[in-house]
Amino acid sequence: MAVKIGLLGGSFDPIHLAHVGLAVTAWQALGLDHVQLIPAANPWQREPLAASASQRLAMLDIAIRKYSHLRINTIEIDRGGPSYTITTLRQLPAGPEYYWILGADQLENFCTWESWEDISRLAHLAVAQRPGAILQAPAALTTHLHVLGRSLIPLPFEPTPISATEIRQRLAAGESTTGMLDVAVEQYIQQKGLYQAPSA
Ligand SMILES: Nc1ncnc2c1ncn2[C@@H]1O[C@H](COP(=O)(O)OP(=O)(O)OP(=O)(O)O)[C@@H](O)[C@H]1O
Ligand SMILES: O=C(O)c1ccc[n+]([C@@H]2O[C@H](COP(=O)([O-])O)[C@@H](O)[C@H]2O)c1
């Protein structure tokens, strides 16, 4: 039987507790060998990121330290340029069965991704609920999966109201982020002075 590997791509600006919870849930629910967290170099649909690639990698490293079945894959940062998931999937070694893990917000957006039809050929899609988003595949994806004889895999992940956007906003406003970040990641952010409001 093929080894099953989970892939959780993200900006991780910064990595938060929902990311880790999602990766652990997918690992357990799908019986994965391990989950690779893949920080994007340049998430082309977004505004420029606040933290550098090396800072985001440092935070990932701190956040997953105690989870032996979570790993970091730097393939997108090493490649540079716009982070197209399809390019990443094509570069991964053949053999394992891949599960692309995503939140319902990104599922809504999925048919805007570069070569999205090919993504769903190369990886299963495992989706988590997310407050503010509906866990429903866009019609074109549903049709495409049907043709492929595949279906979307819903993950048993409790809706978790944490987002990196809110964390950045709270930090800039000097507000608490308790319960949103790993404590050691929070300390790293403080030490490096990340996500502070620009001084007037
Ligand atoms: N609270 C959450 N519940 C479910 N999925 C999540 C959650 N937070 C992030 N994800 C998923 O994790 C992946 C990476 O997310 P990302 O790094 O963009 O974090 P984010 O919190 O969505 O950031 P931002 O607020 O900056 O958009 C995406 O597929 C996203 O849908
Ligand atoms: O391949 C694409 O065109 C594409 C478009 C939007 C998002 N993605 C990927 O989806 C993941 C989550 O993106 P984001 O913007 O929510 O951090 C991350 O790995 C992105 O590279 C990929």
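The values are calculated or read from the model by the stated rules, or taken from the named source; none is laboratory data. These figures come from a predicted structure and were not determined experimentally. Backbone-built Cβ (ideal geometry, glycine too); neighbour counts: all protein chains shown.
Scanning the stretch 1-15 for residues that are away from ligand 2 (no atom under 12 Å from the Cβ) and outside any strand (DSSP E or B) gives Met1, Ala2, Val3.
For the condition of a type outside the set (S, T, N, Q) and either over 29 Å from Ile134 (Cβ atoms) or modelled with pLDDT under 95 (or both), Ala23 does not qualify. Taken over the stretch 32-59, residues that are over 15 Å from Gly80 (Cα atoms), assigned to a loop (DSSP other than H, G, I, E, B) and either basic (Lys, Arg) or more than 12 Å from ligand 2 (Cβ to nearest atom) (or both) amount to 5.
Restricting the stretch 124-158 to residues that are of a type in the set (Gly, Ala, Ser) and in contact (Cβ under 8 Å) with a residue 60 or more places away in the chain leaves a set whose member that is nearest to Gly103 (Cα to Cα) is Ala128.
Across the stretch 174-200, the qualifying residues are those that are loosely packed, with under 10 Cβ neighbours inside 10 Å and not polar (S, T, N, Q), and the one among them that is nearest to Ile64 (Cα to Cα) is Val183.
For beta carbons closer than 6 Å, sequence separation of 6+ or different chains, a first residue in the stretch 60-79 that is touching a residue at least 12 places away in the same chain (Cβ under 8 Å) and in a helix (DSSP H, G or I) and a second that is of a type in the set (Gly, Ala, Ser) and surrounded by fewer than 16 Cβ atoms within 10 Å (Cβ to Cβ), the qualifying pairs are Ile62/Ala184.
Restricting the stretch 142-160 to residues that are within 16 Å of the chain's Cα centre (by Cα) and within 16 Å of ligand 2 (Cβ to nearest atom), the residue that is nearest to Ala126 (Cα to Cα) is Leu155.
Here is a check on your reading of the model: is Glu117 surrounded by 14 or more Cβ atoms within 10 Å (Cβ to Cβ) and within 15 Å of ligand 2 (Cβ to nearest atom)? Taking the combined requirement at face value, the residue satisfies it.
If you go through the stretch 88-119 and pick out every residue that is assigned to a helix (DSSP H, G or I) and either modelled with pLDDT under 95 or acidic (Asp, Glu) (or both), you end up with 4.
Being away from ligand 2 (no atom under 12 Å from the Cβ), farther than 24 Å from Pro156 by Cα, among the small types (Gly, Ala, Ser) and surrounded by 15 or more Cβ atoms within 10 Å (Cβ to Cβ) is a property that Ala29 lacks. Every condition in (1) more than 11 Å from ligand 2 (Cβ to nearest atom); (2) buried (at least 17 other Cβ atoms within 10 Å of the Cβ); (3) within 24 Å of Asn109 (Cα to Cα) is met by Arg79 except one, and the failing one is (2). Take Leu152 and decide whether it is closer than 19 Å to Pro43 by Cα, of a type outside the set (Gly, Ala, Ser) and either modelled with pLDDT of 95 or more or within 11 Å of ligand 1 (Cβ to nearest atom) (or both). Considered against the rule, which asks whether it is closer than 19 Å to Pro43 by Cα, of a type outside the set (Gly, Ala, Ser) and either modelled with pLDDT of 95 or more or within 11 Å of ligand 1 (Cβ to nearest atom) (or both), Leu152 comes out as no. The number of residues in the stretch 89-115 being among the small types (Gly, Ala, Ser) and closer than 21 Å to Ala140 by Cβ comes to 3. For the stretch 110-132: of the residues being within 14 Å of the chain's Cα centre (by Cα) and near ligand 1 (Cβ under 9 Å from one of its atoms), which is farthest from Pro159 (Cα to Cα)? My answer is Val127.
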